[in-house]
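See structure below.
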Amino acid sequence: MEGLLFNVNNGYVEGIVRGYRNSLLTTPAYSNLTQCETIDDLKLQLGPAYGDFLASLPPNPSTSALASKTTDKLISEFRYVRANATGSLAKFMDYVTYGYMIDNVALLITGTLHERDTRELLERCHPLGWFETMPVLCVATNVEELYNSVLIETPLAPYFKGSLSHQDLDELNIEIVRNTLYKNYLEDFHNFVNTHSDMAGTPTAEVMSNILEFEADRRAINITLNSFGTELTKADRNKLYPTFGKLYPEGTLMLSRADDVEGVRLAVDGVHDYKTFFDAVSLGGSSGPGNMGGGSADGKSLEDMFYQKEMEISKDAFTRQFTYAIIYAWVKLREQEIRNITWIAECIAQNQKDRIGNFISVF
Amino acid sequence: MSGAADREAVFPTRQSLGIMKAKLKGAETGHSLLKRKNVSEVSYCQVADVFTIRTNIALEITRRIDEAKRKMGRVMQIAAFSLAEVSYAVGGDIGYQVQESAKSARFRIRTKQDNVSGVLLPAFESYLTEGNNDFGLTGLGKGGQQVQRCRETYARAVEALVELASLQTAFVILDEVIKVVNRRVNAIEHVIIPRTENTIKYINSELDELDREEFYRLKKVANKKQRDNAAADAEMKARREAMEKNESGASKQDSGPADILAAEDDDDVIF
């Protein structure tokens with residue numbers, strides 16, 4: 001059914017995004033990149049994919065400059081697609097940007113809390129999470145004003161409302177604020193793709209639910225693992241878990257009670273994918289999950305495996321026709337590509353060639 | 001020697017000669033001690049050892065500085081790389097957030113003084129403040145483990161830096177001390193000992209001069225005395241002879257005592 005009318009509004013955008021997907025770096029391209037001796041070589045190798053954007057870089061650019069230029073390309077492409085999107089697709093794309101917006105607002109809140117000049121922070125904000133009224137937030141001099149302007153000016157208001165008051169911004173750790181917002185965002189997004197009349201029951205809802213559920217589970221597991229040994233209480237932790245996903249509700253309940261890595265392992269036992277991850281991690285690295293650094297060169301961390309899984313899901317999204325999810329998937333794939341390039345550049349710059357293969361290539 | 005310029009301004013007396021000799025002896029003992037030559041005095045042994053110890057410590061420290069610098073190179077590399085891992089895992093810049101959420105120092109150093117054979121060397125000792133976990137929640141959603149590990153790696157890097165700083169400070173101070181000692185050795189060797197020797201020589205020569213003067217004077221006095229004595233003796237002798245003559249004349253003229261004055265008036269003495 002969705003195939004009948006999808007292309008009327010969204011055919012062009014889908015075509016463009018599929019074209020973008022084809023320009024993503026492939027495994028042979030990555031193996032060329034890893035052969036590079038200097039950043040300049042790397043830049044040359046990236047020429048076909050990023051030529052225009054890297055042209056303005058000075059010789060031997062820093063890895064951060066490289067990363068920001070490659071991000072620029074993503075931004076400009078995203079903006080082009082966004083400009084051509086209409087109706088529910090436009091709304092969908094806005095939803096994609098909300099995640100970045102949360103990061104930006106969290107940054108501004110941090111700045112305001114510490115009474116910094118938030119105008120300087122605007123440059124540090126992620127361009128994807130930019131919204132027109134963001135500079136307005138910088139006018140706020142204290143947290144209460146900021147809270148009110150966030151409620152009025154930003155699309156994030158629903159995520160603040162109901163779960164955070166302006167006192168919370170003052171008292172809670174910014175990370176908790178950020179994760180609360182993110183939880184609300186994920187739930188809202190999930191709700192959006194499943195209930196909007198254009199998307200409910202279409203491949204979009206199916207694929208996006210899959211992606212978002214994975215994202216929710218990943219966040220839940222990460223929050224649990226990262227909160228061990230911090231002042232975050234179990235009750236507070238429980239509030240940060242999104243209320244959907246493969247782990248919800250039994251898994252998240254068990255996660256909220258987990259005291260150590262073993263507890264997390266038990267909690268995720270019911271989901272085959274995560275169980276496999278944990279088993280692989282405990283086999284690979286003896287020093288526990290999430291161990292990316294240190295001795296084991298080939299041992300993949302949990303984080304790596306999550307990224308790997310995310311990329312696979314994103315890749316699979318392109319096997320479906322008539323869906324908005326490819327845009328989300330494309331953004332994620334592109335972000336991973338930028339991370340990969342940055343990683344390879346770091347390895348080259350720091351002469352740590354033995355770890356250079358630690359990126360994730362899906363195509 | 002060049003004379004007055006290179007000696008101490010003392011009066012050339014026996015007392016100051018004694019003082020100078022004592023000084024020279026002291027200087028030589030000190031010099032041999034500082035130079036680590038054979039030391040006879042037990043009480044100074046410690047001092048000699050001090051110098052050896054100091055030099056050895058300085059060598060030891062240079063070696064450790066070398067090690068620490070190499071270690072720092074490695075550790076800093078690992079630390080920089082772990083930061084790369086963080087940016088890979090988090091996928092963004094967390095610098096600002098970390099800066100803002102850090103409230104108090106977790107990694108602190110304590111300074112204490114080590115007494116290394118009389119030289120006070122500052123030693124920096126690093127320690128972690130317990131329970132200070134300001135950005136423990138950074139990267140809660142993703143990358144938290146990498147952030148924590150990165151922090152640990154950097155803590156190790158800072159530890160290496162502190163160690164290096166401690167060693168270098170110690171080295172600089174020891175170097176200074178050793179230089180001072182060397183300067184002192186040179187001063188003793190090239191200034192104090194020659195000058196004292198000169199002074200002694202000067203005093204000796206002055207005293208010799210005085211001795212010679214004294215001797216000459218005495219000789220003169222003796223000569224004079226001899227001459228005077230000879231004259232006195234001759235007079236005495238003449239008088240005695242005259243007396244004997246008179247006595248014999250008187251005994252010829254009359255046995256009774258004659259008027260001496262008259263008799264003398266009569267008889268002139270003929271030499």
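What follows is calculated from the coordinates using simple rules that are stated; it is not laboratory data. Values in this document were obtained by computation on a predicted structure and should not be read as measured data. Neighbour counts are summed over all protein chains in view; Cβ atoms, including those assigned to glycine, are modelled from backbone coordinates with ideal geometry.
Structure data summary
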item	result
Per principal axis, descending, Cα span of region A:1-87 in whole Å	52, 25, 16
Relative packing of peptides A:80-92, B:235-247, A:325-337 - highest average C-beta neighbours within 10 Å first	A:325-337, A:80-92, B:235-247
Average partner coverage of B:76-84, which counts Cβ from other chains inside 10 Å	4
Peptide A:165-178 - average C-beta neighbours from other chains (10 Å radius)	2
Ordering of A:343-349, B:56-62, B:153-159 by burial proxy (mean other Cβ atoms within 10 Å per residue, highest first)	A:343-349, B:153-159, B:56-62
Proportion of all alpha-carbon pairs of the protein assembly as shown beyond 40 Å (%)	52 percent
Cβ neighbours within 10 Å from other chains - mean over A:220-233	4
Gyration tensor (alpha-carbon) shape descriptor, chain A, a/c threshold 1.5	rounded
Calculated [θ] (222 nm, deg cm²/dmol) that DSSP helices of n ≥ 4 give over chain A, each run adding -39,500 (n - 2.57)	-21500 deg cm²/dmol
